[in-house]
Structures are given as structure tokens and as C-alpha cells.
Amino acid sequence: MKKMLLVLFVFSSLAAVSQEVTLKLNYKKGDKYLLKVAMDQSLGIMGGMNMEADMHMSIINVTSDNITTEARIKRMAVDVLQGATRMSFDSDNVDENSSEQQIMKQQFDPMLKAVITQVTDRYGKLISAKVEPQVPGMDNFGQQSEYPKTPVKVGSTWETETKDATSGNIKMSYKVTKITGTTLFADITGSASALPGSEIKGTLEVDIATGNPNKVDVLIATEVQGSKITIKTTVTSTKI
């Protein structure tokens, strides 16, 4: 009996390691997701910023090749440290009597009013993006992860490259570390061209059935004039 259990354990372990999955976006029109974005930016002696944002994403069109989504930021909270000065803002709790809060509200209101429309292919590659009203830098806000077109298993790797106004060309390498009945896990490494000596590390969790990136953790670390800079971003996506 013990030998049989051992054989079954070894067989199931080998099956898990050899399991292949194809990562594709299988959203349905009308699906809605809550995206929670958290960013912790440390700029050394220059200060830093913490940001939290809640976004609602709706699937507005689905074809055999493409997915069209609309996203809106429903809430944004920031905590900014510049030298010895700290400024905080929460779009859900604005002090009408604070001139500082009113100034920050004017700065963030365009982002809260913007509708981000993105078209991607079934593998998450961004085809087009539109922001109305236009807000610089928001075209790729909440952008999906990009997947390989071939099946993957534990140990498989794939690479992506995107452009960002601040970080330049961002090259990312993914390596599958684990596959369960529902979820694929991968490690992320990479670099950003506009940040010399930068290093990117992170993790990705993908729902296999829908292709939805349930959670993405990314840490960018670099050094500028002897000061270490880190930007940690976590995005969780949940169907609502």
C-alpha cells in the first residue's frame, strides 16, 4: 500500500511538472473587474510617494482576436514626502477647508474623470489605447500582462518589451515556477533603459481559465547619484 501511494505521489508530481497550459484572455463581454493598484516609491534623500488606486474595468467588446476594455479610477490616495514636508490626499475624503487639499484635488481630478479604453489581442499585447479626456501618461495605466503564443509548463520562459514615458524601454523575462489546477505562477526579471543599472524583479499569478492576471508584483531598483531608488508596484485584479 505504501509503495502504491508513493508511486501515485511521484506520478502526480511528474504530471504537475509536465502540465502544459496556454495563456489567453478569455474574458466575456460584460465582465467587470476591480483592479487595486498600490505603488511605493522611495527616492532616498529626495523623499518618496505611496499611492493607492481602485479601478473598475469593464469588458465592452470581444472578438475572436481582440478584447476591448474600459477602465475608470474610482478612488485615489497618495502620500507624498518631499524633504521634511509631507502631503496627503484621498479622493474619498477631501478637506474642503484645506487649500493644499484643493490644489491636489485639481491635480488628480483629470485622472479620476478619465476613461481609459484599451484594445489588446488575446495574448494581452496592447494594440491601441485612448484616454478621454486626455491625461498624459495614462495610456498604459492598468495595462494587462502579455503572454506567449505557445503553451508553457514549469520552467518555460517568455519575454516582453514595452515603452514607458518615464522608464523608457522595459524588458521583462518571465519564468513559470508553478502550475496548479487553476493558477499559473511565474517569476519576473528585467530592466528599464531609461534607468541605467536598473533591475526588475517580481512575480505573476494568472487565472488559467480566463487569462486574468490575478496579481502582479514588480520591484524596480536603481541608483541615481549615489542614492538608491526603488519603485514597488502591486496590482490585484478580481472579478466583481
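The values are calculated or read from the model by the stated rules, or taken from the named source; none is laboratory data. All figures in this text were calculated on a predicted structure; none of them were measured in a lab. In this analysis, Cβ positions are derived from the backbone assuming ideal geometry, glycine residues included, and neighbour counts consider all displayed protein chains. Ligands, DNA and RNA are stripped out before the accessible areas are found, and what is left, the full protein with its side chains, is counted by its heavy atoms. Shrake-Rupley method; radii C 1.70, N 1.55, O 1.52, S 1.80 Å.
Accessible surface ranking for Ser88, Ser99, 1.4 angstrom probe, highest first: Ser99, Ser88.
3J(HN,Hα) along region 89-95, derived from phi through the Karplus expression 6.51 cos²θ - 1.76 cosθ + 1.60 where θ = phi - 60°, amounts to 8, 9, 4, 8, 8, 9, 7 Hz, with x in place of Gly and Pro.
The calculated P(r) of region 174-213, using every Cα pair and 5 Å bins from 0, goes 6, 23, 23, 17, 12, 10, 7, 3 in percent. Computed 3J(HN,Hα) for region 102-117, one whole-Hz value per residue from the Karplus formula 6.51 cos²θ - 1.76 cosθ + 1.60 where θ = phi - 60°, is 5, 5, 5, 4, 4, 6, 9, 4, x, 5, 6, 8, 6, 10, 9, 10, glycine and proline marked x. Pairs from the table (Lys32/Lys163; Lys125/Lys228; Lys171/Lys215; Lys105/Lys215; Lys74/Lys175) lying more than 25 angstrom apart at Cα are Lys32/Lys163; Lys125/Lys228; Lys105/Lys215; Lys74/Lys175. Equivalent-ellipsoid semi-axes for the chain (Cα gyration tensor, √(5λ), whole Å, largest first): 36, 23, 17.
Work out the FRET efficiency for Ala84 and Met49 from their Cβ-Cβ distance, taking R0 = 22 Å, and round it to the nearest 0.05.
With R0 = 22 Å, the Cβ-Cβ based efficiency is 0.90.
Seen from Tyr147, the other residues with C-beta closer than 11 Å to its C-beta sum to a net charge of +2, counting Lys and Arg as +1 and Asp and Glu as -1. Can you give me the % of accessible surface on the chain that is carbon or sulfur? Probe 1.4 Å, all protein chains present, nothing else counted. On the chain, the fraction of accessible area on carbon and sulfur atoms equals 54 percent. If the segment from Ala221 to Lys105 were pulled out straight at 0.36 nm per residue, it would be longer than the present Cα-Cα gap by 38.8 nm. Rg and Dmax, both from the Cα atoms of region 39-120 and both in Å, are 16.4, 54. Note that region 147-154 has calculated 3J(HN,Hα) couplings of 10, x, 8, 10, x, 10, 9, 4 Hz, one per residue in order, obtained from phi through the Karplus relation 6.51 cos²θ - 1.76 cosθ + 1.60 (θ = phi - 60°); glycine and proline are x.
In this label model, Lys130 and Ala38 are separated by 3.5 nm, measuring between points 7 Å along each Cα→Cβ vector. Looking at region 81-196, the pairs of alpha carbons with a distance over 18 Å make up 67% of the total.
Modelled this way, with points 7 Å down the Cα-to-C-beta line, the labels at Asn66 and Leu112 are 3.2 nm from one another. Computed from the Kirkwood radius of its Cα pairs, the Stokes-Einstein diffusion coefficient for region 163-240 at 10 °C and 1.306 mPa s stands at 117 µm²/s.
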